[in-house]
1. Select from segment 172-199 the residues that are over 44 Å from the mean Cα position of the chain (by Cα) and part of a strand (DSSP E or B) and list them in ascending order.
2. Taking the options 282, 270, 234, name whichever one is assigned to a strand (DSSP E or B) and either surrounded by 13 or more Cβ atoms within 10 Å (Cβ to Cβ) or out of contact with any helix residue (DSSP H, G or I) (no Cβ under 6 Å at 6 or more places or on another chain) (or both).
3. Within segment 151-159, is there a residue that is surrounded by fewer than 21 Cβ atoms within 10 Å (Cβ to Cβ) and in contact with a helix residue (DSSP H, G or I) (Cβ under 7 Å, 6 or more places away or on another chain)?
4. Collect the residues in segment 18-31 that are out of contact with any helix residue (DSSP H, G or I) (no Cβ under 7 Å at 6 or more places or on another chain) and surrounded by 14 or more Cβ atoms within 10 Å (Cβ to Cβ), keeping them in residue-number order.
5. Failed condition for residue 338, given (1) surrounded by fewer than 16 Cβ atoms within 10 Å (Cβ to Cβ); (2) at pLDDT 90 or above, with all others met?
6. Conditions: (1) within 29 Å of residue 291 (Cβ to Cβ); (2) part of a helix (DSSP H, G or I). Residue 136 meets all but one. Number of the miss?
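The values are calculated or read from the model by the stated rules, or taken from the named source; none is laboratory data. Keep in mind the model is a prediction, meaning the values are calculated, not measured. When we count neighbours, we look across all protein chains shown, and the Cβ atoms used for this are built from the backbone with ideal geometry, even at glycine.
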């Protein structure tokens, strides 16, 4: 199914009437025809109260939402698009959906890396994958890079934790008599309890059906301090994915991240830890529903699909590539040759040949 371009929220150029797109290089809207530019009003986003807004709100009525029948990706188009393909897997024929419910974004982190630079960095990254076939680099094409804003909840929270557990410290003691007298090392175990107060900011949780938390961590950090109040103008020429993880479930993931850091803070106080039980209370929970910028390039090599993902602010890249059996074999043969050479040298030295 094709797009109904008449219903898309486009930004018209005041000089020539053409559709403008957001330019990451300048941070402005730009017209590709008459080269006119337009500033985007920058506004500081406000934090929202978690407990007051756990229920989903309605999306803007003029969003155009589409679903990919191949990978299941759900995206909305907020500006002029020139292709009817899924930005995540490259499949054509994505289908328009109606009445999609979800929460409105309140903030956005605009793209700072252009498509051209994302393509160049992608080629360099792929070249450094030592086991990737050299021929697969030709599959990476600039036109296959799609700029996508992925949904993310960023949480702030104060925490107060109490704990108790069994901990240990290394000690030495002298044992035995006469010739058997010696010093031994042992662990002195003891019970202890205490408390830990920590404040967290911008704990980012992906809410995307296509980008997993593990992948998001590999793209981190995003400079969340530079987020701006959401405006559709930043979507001109890009797409934005619809969140599929609820606000409550997202906070559950954030709690897991915070709990891990709290545990590390507590256990770092002790030399040895047998076990520790921690009870944490969360307060002053605030959040932003933020759109984060990524470049996605889906490509096909020998009838199999692969993709790379780049941070739209820093160009940090993650992804999967095909593996060359010939390169892996050559690497293993080289390692075995080195091991054999070392073994031969050791043998010669032991025999006094050198």
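1. Let us first name the residues in segment 172-199 that are over 44 Å from the mean Cα position of the chain (by Cα), namely 172-185.
172, 173, 174, 175, 182, 183, 184, 185, listed by residue number.
2. Values: 270 fails: assigned to a strand (DSSP E or B); 234 fails: assigned to a strand (DSSP E or B).
Only one candidate qualifies: 282.
3. First pass over segment 151-159, keeping only residues surrounded by fewer than 21 Cβ atoms within 10 Å (Cβ to Cβ): 156, 158-159.
Among the residues that remain, those that are also in contact with a helix residue (DSSP H, G or I) (Cβ under 7 Å, 6 or more places away or on another chain) are: 159.
Yes, segment 151-159 has at least one match.
4. Selection gives 18, 19, 20, 21, 23, 24, 27, 28, 30, 31.
5. (2)
6. Tallying (1) within 29 Å of residue 291 (Cβ to Cβ); (2) part of a helix (DSSP H, G or I), residue 136 fails exactly one: (1).
Yes/no per residue for (1) in a helix (DSSP H, G or I); (2) surrounded by 14 or more Cβ atoms within 10 Å (Cβ to Cβ); (3) in contact with a helix residue (DSSP H, G or I) (Cβ under 6 Å, 6 or more places away or on another chain):
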site: 205; (1), (2), (3): no, yes, yes
site: 209; (1), (2), (3): no, yes, no
site: 215; (1), (2), (3): yes, yes, no
site: 245; (1), (2), (3): no, yes, no
site: 249; (1), (2), (3): yes, no, no
site: 253; (1), (2), (3): yes, yes, no
site: 260; (1), (2), (3): yes, no, no
site: 263; (1), (2), (3): yes, yes, no
site: 266; (1), (2), (3): yes, yes, no
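Here's the yes/no breakdown for (1) closer than 30 Å to residue 314 by Cα; (2) buried (at least 17 other Cβ atoms within 10 Å of the Cβ); (3) not assigned by TED's automatic domain parsing to the domain that holds residue 267:
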{"residue": "126", "(1), (2), (3)": "yes, yes, no"}
{"residue": "140", "(1), (2), (3)": "yes, yes, no"}
{"residue": "144", "(1), (2), (3)": "yes, yes, no"}
{"residue": "149", "(1), (2), (3)": "yes, yes, no"}
{"residue": "175", "(1), (2), (3)": "no, no, yes"}
{"residue": "198", "(1), (2), (3)": "yes, no, no"}
